[in-house]
Amino acid sequence: MFQYKHRHLEITSIFVFVVYCVMLVAKIGEETIRLADNISYLVIPLALFPIFVGYIGADFFSGLVHFLGDTFGTEETPVLGQAFIKPFREHHVDPKGMTQHDFVETSGNNCIVSIPFLLLVYYFVDIRVSLFAYSFYSFFSFLMIAVFNTNQIHKWAHMENPGRLILFLQRNNLILSPVHHMIHHTEPFDKYYCITVGWLNPFLYKIHFFEGIKILAFKIFGDRVAIKH
Ligand SMILES: [Zn+2]
Ligand SMILES: [Zn+2]
């Protein structure tokens, strides 16, 4: 029953997510034409550079969510246990299992989590108010698109033959590569959590970012939350 209900939620979320993403990108296109006419075509880098930042942002969030799912709570945790924590835990036991998941199962959860942010920006941030807002829209839209694709990229990293284009992107480190991701899948599974492209992994590992959160959480909550050591 839970699986059935959750799948419906995933399908609805993917639909809503795609509709709002298209509307966000349409707003950027419309505003780019207006700014180019009124100011100059030099505004275009203000839309392009944030795309790069959005990709790095997605890499960061993928790492943070993955770390939280791997580290805190159990499969019995109310609300989040079955839907969010269980897939992370199962993935370490059976890394190739996710390659059998269809599109809905692969990308649905990311849409559910992203929709509130998408709605907030679409309805409460006015793209026309400043050039900063224009750049922010571009950053945010690509962040959302990259978040949407993260689990698919992760799935490709576990597939034997994801296709020539994907292999090209992986070999050039433009998306998460299998070799890079294997570092996370090596015991004790406590580093290289970022799974969009992995560019942030060496840096976050060097500054002990996730280890620091774990130590802090233990200091604050003690045994009240189940922490995987
Ligand atoms: Zn993991
Ligand atoms: Zn993996």
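Numbers for the structure displayed
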{"read-out": "Under 17 Å from the Cα of residue 155 - lysines, other chains or at least 8 residues apart", "value": "86, 96"}
{"read-out": "Estimated dipole of the chain in Debye, rounded to 20 [Cβ of Lys and Arg +1, of Asp and Glu -1, Cα centre]", "value": "180 debye"}
{"read-out": "Surface share of carbon and sulfur [accessible, 1.4 angstrom probe, percent] for the range 2-224", "value": "70 percent"}
{"read-out": "Eligible lysines near residue 191 by straight Cα distance, threshold 17 Å, same-chain separation 8 or greater", "value": "206, 214, 228"}
{"read-out": "Accessible solvent surface per residue of the chain, calculated while the other protein chains remain in place, 1.4 angstrom probe, Å²", "value": "58 Å²"}
{"read-out": "Solution diffusion estimate, µm²/s, Stokes-Einstein, the chain, Kirkwood Rh from C-alpha pairs, 25 °C, viscosity 0.890 mPa s", "value": "129 µm²/s"}
{"read-out": "Sorted peptide list for 66-77, 148-159, criterion being average Cβ within 10 angstrom, highest first", "value": "148-159, 66-77"}
{"read-out": "10 Å beta-carbon shell around residue 108, net charge (K/R +1, D/E -1)", "value": "-2"}
{"read-out": "Alpha-carbon centroid distance for the pair the range 167-229 / the range 80-131, whole angstrom", "value": "18 Å"}
{"read-out": "For the range 1-84, alpha-carbon Rg and Dmax in angstrom", "value": "19.1, 57"}
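The values are calculated or read from the model by the stated rules, or taken from the named source; none is laboratory data. All of these numbers come straight from a predicted model, not from anything done at the bench. We place every Cβ from the backbone using ideal geometry, glycine too, and count neighbours over all the protein chains shown. The accessibility values were calculated without ligands, DNA or RNA, using every heavy atom of the protein model including side chains. Shrake-Rupley method; radii C 1.70, N 1.55, O 1.52, S 1.80 Å.
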